[in-house]
Amino acid sequence: RGPAALMYGSNVLGGVINVRSVAIPDRRPNKIYTDATMITESASEAISGRLMIEGPAGPVVFKAEASARNSENINTPIGTLENTAGESRTASVGVAHLASWGEAGASFGNHTNNYGIPGGFLGGHTNGVDIELERQNASGRVDLHPEAEAVDHLELKFSWNRYQHKEIESSGICGVSFGLVTTS
């Protein structure tokens with residue numbers, strides 16, 4: 001909270017939670033690492049998976065991740081809850097050059113999430129609504145370690161985020177559209 005939150009944009013009224021994704025690699029592993037996960041769910045017949053690979057490639061370090069999730073309508077003991085299916089896709093890649101003078105790197109990511117919200121309840125849409133959202137982000141970082149007594153290091157950061165959110169009515173018409181682009 002407070003003035004430090006200004007680094008993260010004007011929409012952090014309640015403060016910042018530091019979730020460290022390390023999109024730009026900040027260490028040099030000895031070899032290539034991979035991690036794969038697959039999950040299934042019975043209530044929505046969902047299947048999801050994630051694949052990550054990171055490692056050295058000559059003078060640079062790379063990291064790439066991809067994940068996906070597909071789900072059908074949720075099955076309950078009293079029947080199927082209509083318009084609750086969804087699909088989500090995420091992909092990102094980051095690369096960095098780590099050296100004695102410092103480090104420089106960049107990353108790019110894309111996330112899409114489409115899902116339904118059921119209708120028929122007080123305050124909701126009669127037939128439900130479908131949500132389509134998409135987010136892209138790019139970031140860069142340079143951290144220099146000059147050999148000067150007065151300066152320990154000099155860090156330059158750049159980030160760009162684009163968010164688009166649409167609510168599609170059961171008739172196929174877009175009822176609400178919201179977009180935000182943040183650059184710092």
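The values are calculated or read from the model by the stated rules, or taken from the named source; none is laboratory data. Remember, predicted model here, so these are calculated numbers, not experimental data. FYI the Cβ positions are ideal-geometry reconstructions off the backbone, even for glycines, and counts take in every protein chain you see. Heavy atoms of the whole protein, side chains included, go into the accessibility calculation; ligands, DNA and RNA do not. Shrake-Rupley method; radii C 1.70, N 1.55, O 1.52, S 1.80 Å.
Observations
- Scanning the range 118-146 for residues that are among the acidic types (Asp, Glu), without any contact (Cβ under 8 Å) to a residue 40 or more places away in the chain and over 30 Å from GLY105 (Cα atoms) yields a single hit, GLU132.
- The listed residues are GLU65, GLU54, and the only one of them that is touching a Phe, Trp or Tyr at 6+ places or on another chain (Cβ under 6 Å) and over 24 Å from ASP130 (Cβ atoms) turns out to be GLU54.
- Extreme residue, farthest from LEU133 (Cα to Cα), among residues of the range 163-176 that are touching a residue at least 12 places away in the same chain (Cβ under 8 Å) and open to solvent by 70 Å² or more (accessible area, probe 1.4 Å): SER170
- Criterion violated by ALA148 - all others in (1) of a type outside the set (Lys, Arg); (2) open to solvent by less than 70 Å² (accessible area, probe 1.4 Å); (3) modelled with pLDDT of 95 or more satisfied: (3)
Yes/no per residue for (1) at pLDDT 95 or above; (2) of a type in the set (S, T, N, Q):
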| residue | (1), (2) |
| --- | --- |
| ASN127 | no, yes |
| GLU132 | yes, no |
| ARG135 | yes, no |
| LEU154 | no, no |
| TRP160 | yes, no |
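- Number of positions in the range 126-141 that are open to solvent by 40 Å² or more (accessible area, probe 1.4 Å), within 21 Å of SER88 (Cβ to Cβ) and touching an Asp or Glu at 6+ places or on another chain (Cβ under 9 Å): 2
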